[in-house]
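Remarks on the structure that follows.
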Amino acid sequence: MAVVIAACGDTASDAGGDLAASTTTTESSFEPTTEPTDALTASSDASDATVSAEQQFPDVLEVELTPSDDTWSVAATISSPYDSPDRYADAFRVLAADGTELGVRELTHDHASEQPFTRSLDDVGIPDDVDEVTVEGRDQANGWGGDTVTVAVPR
């Protein structure tokens, strides 16, 4: 198995694979409401939504889990239409169903010329008893929130 190390750059990662519509949407906090699926990837219904100038949080549009030995790589596609050097999506996190934070990927600059964008977080330890994870974005000004994506952990 190959380990992919991704850095925040100017190109999006390829998040291929079968898509499933197992999503959870929240306004400002993590609240899973869907049943797990057997898919490696999932996407949010937000990908077809009209961008609102009043949007407070980045939206997670798609998540892909890739096993790597005893850890996982999590690729998240995020949309933050207000992206600028003054305000942008500055992180995403991986959460277990009980809200336990399994990993955080900090984003150190805006992605204004690359919307939506995909970034990866490697070496995420997902315990054997965790059947699904949820990915949530963070905004510099408003914190965690927006549309999330929940995906089953394929074992």
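Note on GLU106 and ASP131: the model spin-label points, each 7 Å out from Cα along the C-beta direction, lie 3.6 nm apart.
In order along region 59-74, phi translates into HN-Hα couplings of 10, 7, 9, 7, 9, 10, 9, 10, x, 9, 6, 9, 10, 10, 9, 10 Hz, rounded to whole numbers, per the Karplus curve 6.51 cos²θ - 1.76 cosθ + 1.60 with θ = phi - 60° and x for Gly and Pro. The HN-Hα couplings worked out from phi for region 113-125 by the Karplus form 6.51 cos²θ - 1.76 cosθ + 1.60 (θ = phi - 60°) are 8, 9, 10, x, 10, 10, 9, 10, 10, 9, 6, 7, x Hz, whole numbers, x standing for Gly and Pro. Each residue was assigned an accessible area with a 1.4 Å probe, and for THR100 the value is about 70 Å². Leaving out ligands, DNA and RNA but keeping every protein chain, what accessible area does TRP144 have, in Å² rounded to the nearest 10, with a 1.4 Å probe? Answer for TRP144: close to 50 Å² accessible.
Dipole magnitude for region 54-155: about 180 debye, using +1 per Lys or Arg Cβ and -1 per Asp or Glu Cβ, origin at the Cα centre.
The values are calculated or read from the model by the stated rules, or taken from the named source; none is laboratory data. In this text, all values refer to a predicted model and were calculated from it rather than measured experimentally. Cβ atoms come from the backbone with ideal geometry, glycine included; neighbour counts cover every protein chain shown. Just so you know, the surface numbers come from the protein's heavy atoms only, side chains and all, with ligands and any DNA or RNA stripped out. Shrake-Rupley method; radii C 1.70, N 1.55, O 1.52, S 1.80 Å.
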